[in-house]
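Inspection log for the structure reproduced underneath, given as C-alpha cells.
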Amino acid sequence: MSPSVLFNFNDAKDAFTASTRSALDNKTSKPLINAFNQITGNETEKKTTLDQALRQVLEEQIVSCYLALIYLSIDGVTEGLCSATTPFLLLGDVLDCLPLDQCDKIFSFVEENVSTWKSVSTSVCFCNFYLLRRLSKSQNTVFCGRIQLFLARLFPLSEKSGLNLQSQFNLDNITVFNKNEQESTLGQRLLNYINPLHSFSKEDGMEVEEGEMGDEEPGVPAPCSIPIDYNLYRKFWTLQDYFRNPVQCYDKFSWMTFLKYSDETLAVFKSFKLDDMQASKRKLEELRTAGGEHVYFAKFLTSEKLMDLQLSDSNFRRHILLQYLILFQYLKGQVKFKSSSCVLNDDQCSWMEETTKLVYQLLREIPPDGDKFATMVEHVLNTEENWNSWKNEGCPSFVKDRPVDDKPKRPTRKRQAPEDFLGKGPDRKVFMGNDELTRLWNLNHDNMAACQSESREFMPSLEEFFEEAIEQADPANMVEDEYKVVRNSNYGWRALRLLSRRSPHFFQPTNQQFKSLADYLESMVIKLAKELPDLPSEEIKTGEEDDEDNGDTLLKESNDSPSMQTKVVSNQQMDEIAAKLGAQWKTLASQLEIKAAEIREIETDSEDVDMQAKLLLVAWQDREGTQATVESLITALNNAGFPKIADILNET
C-alpha cells in the first residue's frame with residue numbers, strides 16, 4: 001500500500017471537526033458528507049474518527065448547540081457517516097454534564113423522538129437509567145415518572161428486565177416514626193404549653209362552635225375532632241411495615257398484630273367521616289383554577305403533630321386504603337415464586353373479604369368524587385390480576401411471528417373460468433384435470449345429495465349389530481361368558497359408539513354399578529332384547545344371583561307366557577305413547593314419580609316435545625326395570641287423565 005492512501009487519524013479528525021462546525025453554522029449535513037467522501041480510508045476508520053470529532057465539538061459547545069449537534073449526528077447515522085450509537089453517546093455526555101433543570105428540558109426532546117430511539121433502544125435506556133440514579137425519588141418525583149413512562153413506551157411488552165418476575169419487595173423503604181412514648185408525651189406537653197387553647201379544647205372537651213373564634217383564614221383546614229393519642233399513632237404507623245413486607249402476614253403472631261391494628265385504624269376512618277371542607281375541596285378547586293400543580297410526596301411525614309391533619313386529608317386516607325387493597329390482592333393472589341408455606345386459612349380469607357368491602361365503602365365516602373375514584377381503583381386492580389397471570393406463565397410474547405411461507409401475496413386479477421368448468425354450461429360437467437377424477441366428481445351433480453344417499457349409510461342398525469349378542473344372552477344357547485362378543489374390546493368400543501348415536505338408554509343415568517364394560521353391555525343387551533321387534537325378547541329376563549362376591553346379572557329363561565302384569569313396555573309402544581302425549585308429558589311425569597331434577601335434565605337433553613316424552617318413559621323404565629310393565633303404565637295414564645292413550649296399550 002502506498003503512503004498516499006494511508007489513513008491519518010489526526011488529519012481526518014481535524015477535517016471532520018471543521019466540517020462539523022460548518023454543518024452547525026449552515027444547518028445542513030452536506031459538509032460532513034463531502035468530508036467523508038474526500039478522506040481516504042475504510043468506512044470503519046472514518047466512522048470512528050467522525051464519532052470522536054462530534055464528541056469533541058459537543059465538549060466545546062455543549063451549552064449553546066447540543067440539540068443541533070444531536071440532530072446532526074442522527075442525520076449522520078441516516079447517511080451512513082457515523083456509528084449507530086453516536087447520538088446516544090452524545091446524549092449521555094449532555095446528561096452527564098448539564099444540571100438537572102436543563103436535563104428536564106433535554107428529556108422533552110427525547111420524548112418527542114421515541115420512534116428514532118426505538119431502532120437502537122439499548123443505549124438510550126442506559127442513558128435514562130443513569131439519569132434515574134441522579135434524581136431524587138422524593139424531590140424529583142415527576143421527572144422520575146416521566147422517565148419510567150418513556151422506558152415503558154420504549155421497551156416491548158415482553159421485555160423482562162423491568163417486570164420484577166420473582167415478586168421481590170423493596171425492604172429498604174422503611175417508614176421511620178417515634179417509637180418512644182416518653183418523648184411523645186414530652187412533646188405533647190410542650191405543644192400544650194405553647195398553645196393553651198389547643199390543650200384545653202383537646203383535653204377538657206371544649207367544643208368550639210363555628211363562628212366563635214372569628215373567621216378562619218382561607219385555605220386553613222378545620223381542626224380535626226379525632227382523639228389522637230400515642231397508641232393510635234404507634235399502631236397506625238406500624239402498619240406500614242406490613243405494607244412494606246406483606247410476607248410477614250403469613251406468620252400467625254404477625255397476622256394477629258396486623259389484624260388488631262387494622263381494625264382500630266379502619267374503625268377511626270369509619271367513625272370520623274370527611275366532608276367537602278375537611279377534604280379541602282375548595283382548595284383543590286382554587287389550585288385548578290389558578291393552574292397550580294398538585295404536589296406529591298413520595299414519603300410520609302410521621303410527626304405526631306401532623307397526625308390529626310393527615311387523618312383529615314382525603315388524599316392521605318386514599319393512600320392508606322389503597323395500600324390495604326394492594327396488600328390483600330397479593331395475599332390472595334397466585335404468585336409463581338411465593339413459598340408453599342404462604343397459605344391463608346379460612347378465617348383470614350373471610351376477614352379480608354369483609355375488610356375489602358369496608359375499604360371500598362370508605363373510598364366511596366371520601367370526597368371529592370369518591371365513587372369515581374373507587375371504581376377506577378377496582379378496575380386497575382382487576383387488570384393487575386391479568387398482569388400477574390401473564391407473569392406466572394413466564395411472560396410469553398404478545399407478538400406472533402408470521403410463518404415464512406405465509407407472506408402476503410400481491411393480489412392478482414383472476415380470469416373468469418369457463419361455464420363448462422364451473423358446471424353451469426349445457427353439459428353441466430366439471431373437469432377435474434384427468435378423466436378418472438372427472439368421472440368420479442360428476443357421478444352426481446349435487447355432492448351433498450350424494451353424501452346423504454342411502455348407499456353412503458355405513459352405520460348398522462341396533463337390530464343388526466346386537467342380534468348376535470342377544471342370541472348369546474339367551475341361556476338356551478348355553479354360550480359361556482368368555483366366548484360372548486360383549487367380551488371383545490373392539491366390539492365393545494363399536495357398541496358404545498352405536499348406542500350413543502341410536503339408543504336413548506346410553507344417556508340415561510342409573511344407580512347400578514358395573515365392574516367392567518362387558519357387564520354394562522350385557523345389561524344393555526337385555527334392555528334392547530325387550531324393545532327391538534322380531535327378536536326373541538320374551539324368552540329373556542333377568543334375575544340376581546345370591547352370590548354377593550361378583551354381583552353379575554345372569555340371564556334365565558322364563559317358561560311363562562307374558563301377560564299384562566308381567567309384559568314390559570316395548571320401544572315401539574313408547575314411541576306411540578310419546579307421539580300422543582306431546583307437550584303434555586309433564587302431567588304423566590308426576591304419576592310416574594319422576595323427580596324435578598330428572599325433568600329439568602330431560603328438558604335440557606332435547607327441545608322436541610315428542611323426544612322429551614320418549615325420554616320420560618325411558619327414564620321410568622330404567623328406574624323400574626322389570627316392574628315397568630304395561631299394566632303399571634296403563635294405571636298411570638288413567639290417573640293422569642289420558643284414558644284414550646291407555647287404550648292403545650290395551651289394544652296391543
Between region 588-652 and region 494-510, what's the alpha-carbon centroid distance in Å?
19 Å
Given 0.36 nm per residue, what is the gain on full extension from ARG55 to MET478 after removing their alpha carbon distance, in nm?
141.9 nm
Points 7 angstrom from Cα along the Cβ direction at SER161 and ASN650: gap in nanometres?
9.3 nm
The alpha-carbon center of region 150-177 and that of region 442-493 are separated, in whole Å, by 66 Å
Express in nm, to one decimal, how much length is gained between LEU496 and LYS179 on full extension, taking 0.36 nm for each residue of separation and deducting their alpha carbon distance.
106.5 nm
Which loop-located GluC sites (Glu not before Pro) does region 337-394 contain, where loop means any DSSP state but H, G, I, E or B and the Cβ has at most 14 other Cβ atoms within 10 Å?
GLU393
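Quick note: the coordinates plus some simple rules give every number you see, no bench work behind them. Predicted model only: the values in this text are computed from it and were never measured. Every residue, glycine as well, gets a Cβ built from its backbone with ideal geometry; the counts of neighbours run over all protein chains shown.
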